[in-house]
Amino acid sequence: MAVIADKCPDIIVTLVDIDQNRIDSWNNKDLNKLPVYEPGLKEIISRIRNKNLFFSCEIESAIKDSDMVFISVNTPTKKSGFGAGYASDLKWVESSARQVAEFSVGHTIVVEKSTVPVKTAELIQHILNDAEKNSRNSSNLKSFSVLSSPEFLAEGTAIDDLENPDRVLIGGEDALAVRSLSSIYERWISSEKILFTNLWSSELSKLTANAFLAQRISSINSISALCESTGAEINEVANAIGADRRIGQKFLSAGPGFGGSCFQKDILNLVYLCKYYGLYEVAKYWEGVLSINSWQKERIASLIVEKLFGTVTNKKIAIFGFAFKASTNDTRESPAISIAKYLIENGANLIITDPQVTPIQIEMELSLSESQQCKLGGGKWAYSKDHKYCVKNADAVILLTAWDEFKELDWKDLICLMRKPSWIFDNRKIICIDDLKGTDVNFWQIGLGTIHSM
Ligand code: UDX
């Protein structure tokens, strides 16, 4: 919404939320304290906040004043009840639709922006149709058009993805409403990039796009294990297959498994949908993508223990990177969570460093406060920003996020501080083997395996 406001100075964009603290953070004068770390975002906010971009808890008046409402609430996987573990929890979408139904005035275009299961627009439409009917006897005659316009941005590159998207998708039947929304995007995106579909195709395209991207990662990760066993090298294989234009070079980086708020959730949704329609073979196919992802994390965690003489009890292990990818402070579904938990359960003393993730976030994700003894295995964790302190007397360094600042470290210097025999486990292929020449470190890299003498 910040990008829309930035590109369209004549449109007033008001972001509303029921959480006063969150709105206060978005209004924070100190732009380094915004709730989301996203390169380029604070510059936009400093340029247009309180000009045509507002953050507020005044939901009623914001809806009343709006011609178009974007529902952009989160839709996490349900933890309990009907569809638990697979289906998305739509309670926030539903309550937002009810608020729009209640407070809108005249005609309102409602745009479904959250990633939602197919047919969610039906739920929104149902609620709004009732409001439309009930308003017929009142002086405030209401009407609505529902559109689906899923968001394809990726975290860390969100601003560029929005400014230069591969495509924008608009699903809906009401030509006038579709035209209104597309005219906003056309201010900075060429019209060939704006695709029009029916509502359900639009919703399904979003789930399918994420499922395909996740599938590529599971595919390359499965081959990374085979490379480690056979002496092939994953980057060479990725380059060779990516040279085929039908496959392409992007999204072929092997790693510790995908994280983030979308891939797992969307595939679970797809699986749920397939099962609902009796398409069990299709469901099984997509579940395979998730199984490989879990397996990749488990195999990395257990191979670390195996390499450290089969035990990590009381060993100091430095974790470099806790965010699910570089350039974000988001830790949702980060592979670091399960790998760290496994090592703590096995008695390791972890020291975690990340340029943007805070210790409070780590504590929440691990459900274990900093330095608290773990009941299971006696391991614990601590946090530090000081890389030298992290590696001092450590038995191993585990690289889990490809932050630029990790690429620029003087690894030879750091290795000198470690306890011997020392190990580096590079899960993101960010360390160049030549930079370790002359050291006695044991080096393991994803899709390559172990190199003992440097
Ligand atoms: C994803 C989609 O890319 C985006 O289009 C959608 O709108 C939201 O979900 P995001 O989750 O922000 O975006 O990050 P993305 O860059 O896709 O990475 C997801 C995960 O896959 C990360 O953990 C990343 O490290 C991992 N990944 C990505 C790999 O392991 N290898 C790759 O080659 C690419």
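The values are calculated or read from the model by the stated rules, or taken from the named source; none is laboratory data. Note that the structure is predicted; figures quoted are calculated from it, not measured. For neighbour counting, all protein chains shown are included, and Cβ atoms are generated from backbone atoms with ideal geometry for every residue, glycine included. Just so you know, the surface numbers come from the protein's heavy atoms only, side chains and all, with ligands and any DNA or RNA stripped out. Shrake-Rupley method; radii C 1.70, N 1.55, O 1.52, S 1.80 Å.
Annotations for the structure displayed:
- In the range 165-178, the residues that are away from the ligand (no atom under 14 Å from the Cβ), more than 20 Å from residue 117 (Cα to Cα) and open to solvent by less than 70 Å² (accessible area, probe 1.4 Å): 174, 177, 178
- Count - residues of the range 125-142 that are of a type in the set (S, T, N, Q) and assigned to a helix (DSSP H, G or I): 5
- Some residue of the range 179-201 being without any contact (Cβ under 8 Å) to a residue 40 or more places away in the chain, within 11 Å of the ligand (Cβ to nearest atom) and not assigned by TED's automatic domain parsing to the domain that holds residue 36: no
- Of the residues making up the range 127-156, those that are surrounded by fewer than 17 Cβ atoms within 10 Å (Cβ to Cβ) and more than 22 Å from residue 180 (Cα to Cα) number 9.
So that you can scan it fast, the table gives a plain yes or no per residue for (1) open to solvent by 30 Å² or more (accessible area, probe 1.4 Å); (2) at positive phi; (3) without any contact (Cβ under 8 Å) to a residue 40 or more places away in the chain; (4) more than 16 Å from the ligand (Cβ to nearest atom):
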{"position": "383", "(1), (2), (3), (4)": "yes, no, yes, yes"}
{"position": "388", "(1), (2), (3), (4)": "yes, no, yes, yes"}
{"position": "399", "(1), (2), (3), (4)": "no, no, no, no"}
{"position": "407", "(1), (2), (3), (4)": "yes, no, yes, no"}
{"position": "415", "(1), (2), (3), (4)": "no, no, yes, yes"}
{"position": "420", "(1), (2), (3), (4)": "yes, no, yes, yes"}
{"position": "439", "(1), (2), (3), (4)": "no, no, yes, yes"}
{"position": "445", "(1), (2), (3), (4)": "no, no, yes, no"}
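- Subset of the range 99-114 (residues that are surrounded by fewer than 22 Cβ atoms within 10 Å (Cβ to Cβ), in contact with a strand residue (DSSP E or B) (Cβ under 9 Å, 6 or more places away or on another chain) and assigned to a loop (DSSP other than H, G, I, E, B)): 106, 113, 114
- Some residue of the range 368-378 being within 22 Å of residue 335 (Cα to Cα) and surrounded by 22 or more Cβ atoms within 10 Å (Cβ to Cβ): no
- Set 350, 400: member being in contact with a Phe, Trp or Tyr (Cβ under 6 Å, 6 or more places away or on another chain), modelled with pLDDT of 95 or more and either within 30 Å of residue 34 (Cβ to Cβ) or aromatic (Phe, Trp, Tyr) (or both): 350
- Selection from the range 306-322 of residues that are under 12 Å from residue 344 (Cα atoms), out of contact with any strand residue (DSSP E or B) (no Cβ under 6 Å at 6 or more places or on another chain) and buried (at least 19 other Cβ atoms within 10 Å of the Cβ): 312, 315
- Test: residue in the range 78-98 that is free of Cβ contacts under 8 Å to residues at least 12 places away in the same chain and either surrounded by 15 or more Cβ atoms within 10 Å (Cβ to Cβ) or of a type in the set (Val, Ile, Thr) (or both): yes
- With respect to the conditions (1) over 24 Å from the mean Cα position of the chain (by Cα); (2) open to solvent by less than 70 Å² (accessible area, probe 1.4 Å), residue 3 falls short on a single one, namely (1).
- Criterion: within 16 Å of the ligand (Cβ to nearest atom), assigned to a helix (DSSP H, G or I) and not β-branched (Val, Ile, Thr) - qualifying residue of 153, 162: 162
- Residues in the range 203-217 that are open to solvent by 40 Å² or more (accessible area, probe 1.4 Å), of a type in the set (A, V, I, L, M) and within 11 Å of the ligand (Cβ to nearest atom): 213 alone.
- Checking residue 239 against (1) open to solvent by 70 Å² or more (accessible area, probe 1.4 Å); (2) farther than 18 Å from residue 445 by Cβ, the condition it does not meet: (2)
- Count of the range 18-56 residues which are more than 23 Å from residue 358 (Cα to Cα), in a loop (DSSP other than H, G, I, E, B) and open to solvent by 40 Å² or more (accessible area, probe 1.4 Å): 3
- Test result for residue 261, within 19 Å of the chain's Cα centre (by Cα), surrounded by fewer than 21 Cβ atoms within 10 Å (Cβ to Cβ), within 13 Å of the ligand (Cβ to nearest atom) and under 22 Å from residue 118 (Cβ atoms): yes
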